[in-house]
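Asker: First the structure, which I've put down as structure tokens, then a few questions once you've had a look.
The values are calculated or read from the model by the stated rules, or taken from the named source; none is laboratory data. The model shown is predicted, which means the values in this text are computed figures rather than measured ones. Cβ: placed from backbone, ideal geometry, glycine included. Neighbour counts: every protein chain shown. Remember, those area values only see protein heavy atoms, side chains included, never the ligands or the DNA or RNA. Shrake-Rupley method; radii C 1.70, N 1.55, O 1.52, S 1.80 Å.
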Amino acid sequence: MVYRLTWIAGIGAIALALGRVSRLLQPAESGLPWQVVVVVAAILGGGLTAVAKARRAPGWVIAVIDLVAMVLLVVRIAAPETTRWLLPTSASPGAIGEQLALARDAIRSGVAPVPPVDGIIAILAAVFWLLGALLVWGLRSDRPYAAVLTPLVVYLEFAVMDRRAAGWWTTGFMAAIGLALMAVAVDRRGAATGRLNGGRRLLVRTLPAIGVVTLTVTLATALVAVSAATPLVPRNGYLDWRYTGGLTGDYFGSVSYNPFVGIRQQLISPTNVPVFLATVSGDLHPEEIYWRLITLDTFDGEQWSVGKDAKVLAPEDLKSYEPSGHAFAGEVGTVLADITIHGLVMDWMPAPYAPVAVSSANDAVEHGFRVKGDDASLRYAPITYQGMSYTVRSQVPRPEVDALARRPDGALSTIFAEAVAANRLDLDPTPRLVTTRPAPDREIYLELPETVGPDLRWLAYSITQDLETEFERALALESFFRDGAAFAYSTDVETGHGAVDLEAWLLDPSSPNYRTGYCEQFATALAVMARAVGIPSRVVLGFTPGTLLEDGRLLVRDRNAHAWVEMWMGGQGWVRFDSTPRADGAGFGTGESLGLDLSTLAPDIDAVPQPNGDDPAPPIAGDLGEGGTATDTTPEEAPVGQASPGPASVWLDLALAGIALVLALVLVVPGAKWLRRRRRLARLGAGDITAAWHEIVDRMADLGHGPTPATTPMEFARGIGRAVEPLATLYGAVEYGPSRDADAGMVALAVRSLDGAEETLAARFSPWRRLTARLRPASLLRRRRNG
């Protein structure tokens, strides 16, 4: 059989797969583009297979020939220096192993686009060699579906690896599937032989409305099932906190950060991959600047994420990037940063807190970014890329100790007043007017789930119970975590196997990595405990100050990736606090940056008392008013956030999804066949004898006894029973005779023959066999549709 359109569809499917993998690799820096190598491999695989098929070689011989030639090509690509006259030598296996190991690391931990290392190109050459060979073998062996669908399966694998927005690729993939199936149907239709194939039927008859209805109902049912199962999947999926494409040696890929910060040890050890370069000018020294990607305001018991109600708007739709209610009320420093992305690949743009203007020479960047409405974080939905450049003007808060150290009445708090009296601080002891303001959407930044237990709340309360202001309590909590004797920052803990419970990580010495971890654990703990004592807080994902180069530019690397906390101080605004006890100096706490001696300002926290049965329950988030004093609200009346869906709700959703799938299998196919039969009987009553014949043919096909192209109608009828022979005679007369018109007598005879045929099938096949046949979609998917 000649598959003209299917050849085009198969080549198009391979081209689609090649296009998708091109999003995963960077362009070749020298020599031939790697795409040329892959295309040549596909042509060689198809050509060699075509020659072998022309020589009528057995299938196993063709497979061996392709395998040997493909291995020679892989060796030539991955380790050319070890070959002699195109043949591998004893040094080839070791060299290939090294290249494949490098490729494995890039594939397993890389974020697109990664460099086209030789091992990856060799793997792709082998894959596309097989696709080319399979295309030729499938179409020359009358197996067209294997030829055209295999490249689409490979495309799906590349799509899974590609974490960027799919855009039109999804539409293209769906169109490719439809066109591939259509091409096979048309080619087979055109080459159909035998009278049972109805070769004179129009192409439109191959796509009846019943097939369209079946497909529509099936897709709708699948969507319902997916919607029911959606609550079972975490909002962040099952992705790690961070992905790296940084390889060893001189190879550097890309780095992406999942915008979720939690208690689990999931952060892969940081690398030296350059993330971005910045030229900074303005009121702050470049090495004082923290670079923010995004703030996270919702805690679900394990991790912080962006709230579901967060809005991302075009800058022209905003009066100012940061809403006036969130803007810092104290002194700010203006910073101008020219940023060039190097290895960062994600949809958030780094910027100093808080951007007030963004510009770029690139119109795509200039008009493509959006602003998160509560914190002025910058989102670039097309995803950042190497070489992307833009300029940000930011207003960076410069917290004033003199304002933060005062009570609402304007006087210094007791601890700060004592420090001034002892000449440990140089502050004006005279009371001053203090204007405080509540945090915008305060309840959002105090919300905690019920899983935050009383022991953790008691710990936070014990650390801060004798302090007068929110600033003092924030400093005490920050100092608690930065105590190097009690907590340890380590990159040696095994990722993915840490504590899953914040309270256990803090209070249970037997918990995995007890009080040891990365910034994600310390930021999570500080923000939760701040909320527990009534301080609005949010977690920030970004970068610590980078390294200042000799040319004046600031280099920020992957190892600078960091998470810290911002707390709302009523007299100022959002103030940064960093609880991670890093010994490398990459991050510094607010107390240190303000020059405060925390040993004299904070209470004795070396021996925090543990709760016992006689201790009263501490106040929880919401019990502390704006000024920091306890209110009369009882714990039962205090807001503690929304509870996560319970197990019963989860299992109910799962049951609904299962029921939807069962209904799709049990009802859709039989229902489609019932509608088809109704339509055919109506056509039979109007004089269309072929409708009855097609019904019997489809019934037999579903039972596994459909006709072959070489079978005549009478031969097929005799294989069923004598009751079908009159219908076969009538079908032959109207289908192949001089007239296609059937009179009333012929229609009546066809009806009796159809009834007799169905009685014969009921006697010949068991009820179970007939039931399974009703569930089989074989006749609905036949390449020749007959209404």
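Asker: Looking at the range 344-372 only, could you name the residues that are open to solvent by less than 50 Å² (accessible area, probe 1.4 Å) and touching an Asp or Glu at 6+ places or on another chain (Cβ under 7 Å)?
Answerer: Matches in the range 344-372: Ala354, Ser360.
Asker: Does Trp568 fit the bill of being buried (at least 22 other Cβ atoms within 10 Å of the Cβ) and closer than 17 Å to Ala403 by Cβ?
Answerer: So Trp568 fits the description; yes.
Asker: For the range 479-501, indicate whether the set of residues that are at pLDDT 80 or above and within 30 Å of the chain's Cα centre (by Cα) is non-empty.
Answerer: Taking every residue of the range 479-501 in turn, none turns out to be at pLDDT 80 or above and within 30 Å of the chain's Cα centre (by Cα).
Asker: Now for a separate question. Within the set of pairs 6+ apart or on separate chains, which have a first residue in the range 13-37 that is on the phi < 0 side of the Ramachandran plot, a second that is of a type in the set (D, E, K, R), and C-beta atoms under 8 Å apart?
Answerer: As it stands, the answer is Arg20/Asp162; Arg23/Asp162; Arg23/Arg164; Leu24/Asp162, since those pairs meet every condition given.
Asker: Might you check whether a residue that is modelled with pLDDT under 90, out of contact with any Gly (no Cβ under 7 Å at 6 or more places or on another chain), closer than 22 Å to Ile339 by Cβ and surrounded by 15 or more Cβ atoms within 10 Å (Cβ to Cβ) occurs anywhere in the range 593-609?
Answerer: no
Asker: I need a count of the residues in the range 283-305 that are open to solvent by 30 Å² or more (accessible area, probe 1.4 Å) and either among the β-branched types (Val, Ile, Thr) or under 29 Å from the mean Cα position of the chain (by Cα) (or both).
Answerer: Selection size over the range 283-305: 4.
Asker: For residues that are assigned to a loop (DSSP other than H, G, I, E, B), of a type outside the set (Asp, Glu) and at negative phi, scanning just the range 525-565, find the one that is surrounded by the fewest Cβ atoms within 10 Å (Cβ to Cβ).
Answerer: Across the range 525-565, the extreme among qualifying residues is Leu549.
Asker: If you go through the range 23-46 one residue at a time, do you hit one that is over 30 Å from the mean Cα position of the chain (by Cα), more than 26 Å from Gly119 (Cα to Cα) and among the aliphatic types (A, V, I, L, M)?
Answerer: No: the range 23-46 contains no residue that is over 30 Å from the mean Cα position of the chain (by Cα), more than 26 Å from Gly119 (Cα to Cα) and among the aliphatic types (A, V, I, L, M).
Asker: Now for a separate question. Go through the range 746-776 and give me each residue that's of a type outside the set (Ser, Thr, Tyr) and in a loop (DSSP other than H, G, I, E, B).
Answerer: Within the range 746-776, Phe765, Arg776 qualify.
Asker: Ok, one more. What pairs come out if I take residues in the range 55-70 that are within 18 Å of Leu131 (Cβ to Cβ) and pair them with residues that are modelled with pLDDT under 90 whose C-beta lies under 6 Å away, six or more apart or interchain?
Answerer: Ile62/Ala52; Ile65/Ala52
Asker: Got a number for residues in the range 399-411 being over 27 Å from Val528 (Cα atoms) and open to solvent by less than 70 Å² (accessible area, probe 1.4 Å)?
Answerer: The number of residues fulfilling the criteria is 2.
Asker: I want to confirm something. Restricting to the range 416-443 and keeping residues that are in contact with a Pro (Cβ under 8 Å, 6 or more places away or on another chain) and in contact (Cβ under 8 Å) with a residue 60 or more places away in the chain, which single residue is most open to solvent (accessible area, probe 1.4 Å)?
Answerer: Among residues in the range 416-443 that are in contact with a Pro (Cβ under 8 Å, 6 or more places away or on another chain) and in contact (Cβ under 8 Å) with a residue 60 or more places away in the chain, the one most open to solvent (accessible area, probe 1.4 Å) is Glu443.
Asker: Across the range 696-745, which residue is farthest from Gly756 (Cα to Cα) among those that are part of a loop (DSSP other than H, G, I, E, B) and open to solvent by less than 40 Å² (accessible area, probe 1.4 Å)?
Answerer: Looking at residues that are part of a loop (DSSP other than H, G, I, E, B) and open to solvent by less than 40 Å² (accessible area, probe 1.4 Å), I get Gly737.
Asker: Show me the helices (runs of 4 or more DSSP H) entirely contained within the range 395-494 in which 2 or more residues are in contact with a strand residue (DSSP E or B) (Cβ under 8 Å, 6 or more places away or on another chain) and within 30 Å of Ser305 (Cβ to Cβ).
Answerer: Those helices (runs of 4 or more DSSP H) span 470-481.
Asker: Go through the range 1-108 and tell me which helices (runs of 4 or more DSSP H), entirely inside it, have 1 or more residues that are charged (D, E, K, R) and open to solvent by 80 Å² or more (accessible area, probe 1.4 Å).
Answerer: 4-21, 59-78
Asker: Just to be sure I understand, how many residues within the range 124-166 are assigned to a loop (DSSP other than H, G, I, E, B) and within 24 Å of Ala185 (Cα to Cα)?
Answerer: Total meeting the criteria: 3.
Asker: Still on this structure: Please give the number of the condition Ile294 fails out of (1) over 30 Å from Leu502 (Cβ atoms); (2) at pLDDT 90 or above; (3) of a type in the set (A, V, I, L, M, F, W, C); (4) out of contact with any helix residue (DSSP H, G or I) (no Cβ under 8 Å at 6 or more places or on another chain).
Answerer: Condition not satisfied by Ile294: (1).
Asker: Same structure, new question: Any residue in the range 406-415 that is hydrophobic (A, V, I, L, M, F, W, C) and within 21 Å of Arg23 (Cα to Cα)?
Answerer: There is no residue in the range 406-415 that is hydrophobic (A, V, I, L, M, F, W, C) and within 21 Å of Arg23 (Cα to Cα).
Asker: Which one is nearest to Arg752 (Cα to Cα) among residues in the range 663-682 that are in contact (Cβ under 8 Å) with a residue 60 or more places away in the chain and open to solvent by 50 Å² or more (accessible area, probe 1.4 Å)?
Answerer: Arg679
Asker: A further question on this structure: Within the range 325-378, how many residues turn out to be in a strand (DSSP E or B) and modelled with pLDDT under 90?
Answerer: So the answer is 1.
Asker: Looking at the structure I just gave you, is Pro382 on the phi < 0 side of the Ramachandran plot and in contact (Cβ under 8 Å) with a residue 40 or more places away in the chain?
Answerer: For Pro382, the condition - on the phi < 0 side of the Ramachandran plot and in contact (Cβ under 8 Å) with a residue 40 or more places away in the chain - is met.
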